[in-house]
Amino acid sequence: MKKIIRSAILLLAGMTCQGKLQGQEKGNLTLWYNTPSGDTWENALPIGNGRLGAMIYGNVKKETIQLNEHTLWSGGPNSNDNPLSREALPELRKLILDGKQKEAETLANKVIISKKSHGQMFEPAGELHLAFPGHDHYSNYYRSLDLSTAVATTRYTSNGVSYTRETIASLPERVVVMHLTASRPGSISFQATYGSPQTGVRVETTRAGRLSFAATTVDHETVKGQVRYKGIVQFSTRSGTVSNTDSSVVIRNADEVTIYISIATNFDNFRKLDGDEEKRAMAYLSKAVKQDYNTLRKKHITAYQSWFNRVTLSIGKDNFRDTIPTDQRLKEFSTLNDPQFAALYFQYGRYLLISSSQPGGQPANLQGIWNAKPRPAWDSKYTININAEMNYWPAEPTNLSELHEPFLKMVTEMAVMGEKTASVMYGTRGWMAHHNTDIWRSTGAVDGAFWGLWNQGGGWTIQHLWQHYLYTGDKKFLAAVYPVLRGAALFYVDYLTVHPTRQWLVANPDESPENAPAAHQGSSLDAGTTMSNQIAFDVFTTVSAAAGVLGKDALFADTLRRMRMRLPPMQVGQYGQLQEWLDDIDNPTDDHRHISHLYGLFPSNQISPFRTPGLYSAAAVTLRQRGDVSTGWSMGWKVNWWARMLDGNHAYKLIRNQLTPLGVNPGGGGTYNNLFDAHPPFQIDGNFGCTAGIAEMLVQSADGAVHLLPALPDDWKKSGSVTGLKTRGGFEIVRMDWKDGQVLRLVIRSTLGGNLRLRLPNELVLAGNKKMKRSTGDNSNPFFAISETAAPLVNKKAVIHHPTFPETGLYDIPTTKDGTYTMLKK
């Protein structure tokens, strides 16, 4: 009788789950599909907890859980500096100044580029396979990833039984957990095996219901593989039998099964590998298996939602298309009105950051924390001439500041390695980095001079340290990282040289990432490129400002400000474009994916529609010349640029282009079915870049004020709301509602106090119908201070089109720490 009752309950539960398929479960924040992934990795759904990543295929007959561990990299501690560089610098500089860039590149390949490692590889941890006998035919298929809970679900009916699998990457515990249930008792049977593309993996089944694997990562480019890893998979069942073969675990006739997956390595830090991977893996597993799935699930959701629920976004109250499978919505997004799909994509970026970047862990790499290939594209490492920085653009504005920590820590660790690189390769004080790094924080030049000579990695990455301070006001943090900021500035103090004919301070050798004008014989090398000048400007501005905040280093700060005045100004060329190089040699038909000289527009704030209209106009010309067709990450950057241009319709056009299936955009990237960004191949930076861009379309704070709805596209104007976005100065948009492109209601919390300057599309009044004060003069809040660049040099042939954009009003509200302020449309 008990079995009959239990069977009836499970059957009812299965019917209830199928009922949810028709409505409740398909919410705004769910990716869902009515077909399995098959063999395509980019169809599988990603889960992660910052230490472990997993791709859930959702296949019926043979399920695959592809696994990663955040410290599982090839090689070991190493330095990849080229000591020939320092002595060759005078010759390199002369060749470049003499206009012999290609000769300089040839020499740089010998004396700058590493003769050792070109960077190590982020490696896969293998796959767990579950083979279900008799599940050849099925119906009612459904798989999903619920962004509101970070739970992946697969559900189907086979042989009259409804099966459900749920999988989480537990945030409180360092394990991946899959829970299998069925509507009929005794219906779960499968064989579990482990597979790996790695060599030398030892697979064991030393006790009933446990499968383990262990290996050491591979050697790569002269560096011996030193990372040992251990994985343990524990199967816990309700009823049924559990048995082992030499290499598999067999489950028969169980009511429920919970699978616990623990993986650990011997990695301690970028210089030390003394950990015991077996003890670590067993400790994580032992803690997890003491808890049943429901307990782990509840704790996981609570931890996840403590980050995810901080921000909500709703665009429009109609045209909800969440009853349509995600891959179908993706195909139709570019032609149909589906604004909530953009909101889903925005939140997916936040989900991916929570899942791949946790305090104390490694930063999200080129693929976040997900990789199935032993030799991934670009080694799945950290490309710091744009991609790694883009990963963390959403961290502060979308209220995930704590998740910035892995990247910020990486910058401080690069400073250790980069100090040696600066000294050995360039004879300077301070520290620097070239265009790539990895888990070992190598800072030498890699790949080839065309790409790898770029030496602004330290200057760009320290801006994230400063941005974290601007958003949080954390002086203790600023004091702790000040030596890193100072060291980056010291490199520029020593490295910049005087241009012999123009008398400006320039970087030489230098390059504008990965772009080569015809005038340079097809070489990317040059002196004083616009992007490097802009980064040097930010370095001098940031470090001198930080010294002022901390009340120290006054003489050094003065030196930096004086040197800043000697940097080349930005220049407007003969076509009205922002010049990429010191000489006016831009090709108006150049459609290169890198538009690095617009760094000054975003992420920097040196170009502004309000403060520098001429440069703003030139940036618009450059963007139009380069066009919209581009790789995935480049489209993400363009969304941010057009948002800063206050052109919401163009920004949204880029979002539509990005949210297009791969292969539809001729010559460009797009998006895979699981909404991973397609360069192609998969690069996660495009996901993060677009999430940051959507935030910029709604709220900006880099131009002296908190600007609300600065780039709202026409398709979003009808109605919408957002909660939780953060700005410089510690302000939080508790809630903002809009209708017909105007702010209806606004609630802002001030975590630090100080003046709140608002730039608004329409007039508001404070609660109680109190009129707001119009702004005059500069913003008194120091977190919004702006250092103006020199006036641009303009080619006489250039035609400057002065910008026009919707009128806005500026208002000041004095705030107190932790005060909340409510405003309504007048």
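Working from Cα positions, state the angle (0 to 90°, nearest 10) between the long axis of helix 457-472 and the longest principal axis of the chain.
In the chain, helix 457-472 runs at an angle near 80 degrees to the longest axis.
In what sequence, largest accessible area first, do Asp818, Asp628, Asp268 appear using a 1.4 Å probe?
Listed by decreasing accessible area, they come as Asp818, Asp268, Asp628.
Taking the Cα atoms only, what angle lies between the long axis of helix 85-97 and the longest principal axis of the chain, rounded to 10 degrees?
Helix 85-97 sits at roughly 60 degrees to that axis.
Relative to the longest principal Cα axis of the chain, at what angle does helix 339-356 sit, 0 to 90 degrees, rounded to 10?
Tilt of helix 339-356: around 80 degrees.
With a ≥ b ≥ c taken as the square roots of the eigenvalues of the C-alpha gyration tensor of segment 65-163, please select rounded if a/c is under 1.5 and otherwise prolate if a/b is larger than b/c or oblate if it is not? Walk me through the numbers before you get to the answer.
Values: a/c = 4.60, a/b = 3.44, b/c = 1.34.
Prolate.
Taking all protein chains together and a probe of 1.4 Å, list Thr815, Thr40 from the most accessible to the least accessible. Before the final figure, lay out each step's value.
Working: Thr815 15, Thr40 60 Å².
So, going from the largest accessible area down, we get Thr40, Thr815.
Once you charge only the Cβ atoms, +1 for Lys and Arg and -1 for Asp and Glu, what is the size of the charge dipole of the chain about its Cα centre, to the nearest 20 debye? Before the final figure, lay out the partial values.
Details: 87 positive and 75 negative charges, 466 e Å.
Roughly 2240 debye for the chain.
Read phi for every residue in segment 720-735 and hand back ³J(HN,Hα) as whole Hz from Karplus 6.51 cos²θ - 1.76 cosθ + 1.60, θ = phi - 60°, with x for Gly and Pro.
Whole-Hz 3J(HN,Hα) from phi for segment 720-735: x, 7, 9, 10, x, 5, 10, 9, 4, x, x, 8, 10, 7, 4, 6.
Residue by residue, what Karplus-based ³J(HN,Hα) values in Hz, rounded to whole numbers, does segment 646-663 have, using 6.51, -1.76 and 1.60 with θ = phi - 60° and x for Gly and Pro?
Taking θ as phi minus 60°, the curve returns 6, 10, x, 5, 6, 4, 5, 4, 5, 5, 4, 5, 5, 8, 10, x, 4, x Hz for segment 646-663.
Rounded, prolate or oblate: which one fits segment 753-819, using the alpha carbon gyration tensor with axes a ≥ b ≥ c (rounded when a/c is under 1.5, else prolate when a/b beats b/c, else oblate)?
Values: a/c = 4.46, a/b = 1.85, b/c = 2.41.
Oblate, because a/c is 1.5 or more while a/b does not exceed b/c.
For Ala125, which sequence-distant residues (separation of 5 or more, or a different chain) have an amide H within less than 5 Å of its own amide H, given hydrogens modelled in the peptide plane?
Correct list: Leu67, Asn68, Glu69.
³J(HN,Hα) across segment 481-490 via Karplus (A = 6.51, B = -1.76, C = 1.60, θ = phi - 60°), whole Hz, x for Gly/Pro?
9, 4, x, 5, 4, 4, x, 5, 5, 4
For segment 362-384 and segment 620-647, compute the distance between their C-alpha centroids and round to whole Å.
Using only Cα atoms to place each centre, the spacing works out to 25 Å.
Which peptide among 449-458, 60-69 comes first, and what is the full order, when sorted by highest mean count of other Cβ atoms within 10 Å? Please report the intermediate quantities before stating the final value.
Working: 449-458: 25.5, 60-69: 22.0.
Packing order, densest peptide first, comes out as 449-458, 60-69.
Hand me the trypsin sites (Lys or Arg not before Pro) from segment 738-825 located in a DSSP loop with no more than 16 other Cβ atoms within 10 Å, in residue order please.
Values: sites: Lys739, Arg745, Arg749, Arg757, Arg759, Lys770, Lys771, Lys773, Arg774, Lys796, Lys797, Lys817, Lys825; in loops: Lys796, Lys797, Lys817.
Sites meeting the loop and neighbour criteria: Lys796, Lys797, Lys817.
Specify whether the C-alpha gyration tensor of segment 500-546 places it in the rounded, prolate or oblate class, a ≥ b ≥ c being the square roots of the eigenvalues: rounded for a/c under 1.5, otherwise prolate if a/b is larger than b/c and oblate if not.
Oblate shape, in that a/c is at least 1.5 and b/c is the bigger or equal ratio.
The values are calculated or read from the model by the stated rules, or taken from the named source; none is laboratory data. On a predicted model such as this, the values are computed, not experimentally measured, just so you know. Cβ: placed from backbone, ideal geometry, glycine included. Neighbour counts: every protein chain shown. Note: accessible area is taken over every heavy atom of the protein model, side chains too, but ligands, DNA and RNA are not part of it. Shrake-Rupley method; radii C 1.70, N 1.55, O 1.52, S 1.80 Å.
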